[in-house]
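What follows draws every value from the coordinates through simple rules; no lab data is involved. The structure displayed is predicted, hence computed values, not measured ones. Glycine gets a Cβ as well: all are built from the backbone with ideal geometry, and neighbour counts include every protein chain shown.
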Amino acid sequence: MAAVTEQTVLSVRHYTDRLFAFRVTRPQSFRFRSGEFVMLGLEVDGKPLLRAYSVASPAWDEELEFFSIKVPGGPLTSRLQHIQVGDRILLGTKSVGTLVLDALVPGERLYLLSTGTGIAPFAAVVRDPETYERFSKVILTHTCREAAELDYGHELVAAARADVLVGEMASKQLIHYPTTTREPSERMGRITTLIESGELFNELGVAPFDPARDRVMICGSMEMLADLKALCEKAGLEEGSNARPAHYVVEKAFVG
Ligand code: A2P
């Protein structure tokens, strides 16, 4: 079993009946890179019940933030959604992941493509100064079924732009591109469709994906990853990893 520590819940915020975010204490010994995930959970019937969660805080944060779905009947999330300030949760001691700057070769623009809770690792990436030092433009796309599910992203981007550490850079370099698929909003459609039709690039006023210039991080459901991987490969981008950095990286968002 993975080594775990007990941490204390510091805040809980429910966004919709399907989504909530919470913050917990960060052990001094817990080191991670922005974009990585960690095992997190609760003790159930005397045993640890853990799932992989992206850390939504940047590496410099003194607390740890997480963004979670509530899966009806889900073994962990049906319990985790009831956590309150002061409760204890279990946190793994080791973080891992590929949605890290180190897995990409240098480029000009960084696309962060997310659906649902797949925005969590990017909540870390957009609040990390290194992101803006390495890329001149950072484009965060977030697609959800309904408009209220985009609230976490709106707050995140507002917070990044107001942040003492990254605010100035995020105000100039970070572009937020939220879309919905099942409820009317200012911008609608799956990100795959918006890429294929060229609408995303038209709106940004840039050329389509180009391996010479563009880098991509992808986080969402298995189907979303497969479809976006295919679009990246079609554009000539190569998949990177920690061992072999390249043009794009993918990771499955926690689903239940
Ligand atoms: P859609 O409403 O058309 O299914 P979910 O809540 O099911 O995880 O979906 C989150 C968002 O991801 C929804 O807006 C959904 O669109 C979108 N989505 C689902 N599958 C894909 C896919 N294969 N490629 C791109 N977007 C997807």
Work through the residues other than Leu10 whose Cβ is under 15 Å from its Cβ and net out their charges, Lys, Arg +1 and Asp, Glu -1. -2
Cα-based helix-to-principal-axis angle, 151-162 vs the chain, degrees rounded to 10: 80 degrees
Got a sec to turn the phi values of segment 112-119 into Karplus ³J(HN,Hα) couplings, 6.51 cos²θ - 1.76 cosθ + 1.60 with θ = phi - 60°, whole Hz, x for Gly and Pro? 10, 9, 9, 10, x, 6, x, 6
Could you please state, rounded to a whole Å, how far the C-alpha centre of segment 97-121 is from the C-alpha centre of segment 56-74? 17 Å
Once you wrap a convex hull around the alpha carbon atoms of segment 4-96, what is its projected area averaged over all directions, in nm²? 5.6 nm²
Long-range HN-HN contacts of Ser34 with modeled amide H, under 5 Å: Ala59
Can you compute 3J(HN,Hα) from phi for each residue in segment 69-86, using the Karplus curve 6.51 cos²θ - 1.76 cosθ + 1.60 with θ = phi - 60°, rounded to whole Hz and x for Gly and Pro? 8, 10, 8, x, x, x, x, 8, 5, 5, 8, 4, 5, 9, 4, 10, 3, x
If you only keep lysine pairs separated by 8 or more in sequence, or across chains, how many in the chain come under 29 Å at the Cα atoms? 15
Rounded to whole Hz and in sequence order, give me ³J(HN,Hα) for segment 223-240 from the Karplus expression 6.51 cos²θ - 1.76 cosθ + 1.60, θ = phi - 60°, writing x for Gly and Pro. 5, 4, 4, 5, 5, 6, 4, 4, 5, 5, 4, 4, 7, x, 7, 10, 6, x
Using modelled backbone amide H atoms (1.01 Å from N, in-plane), which distant-in-sequence or interchain residues come within less than 5 Å of Lys94's amide H? Met39
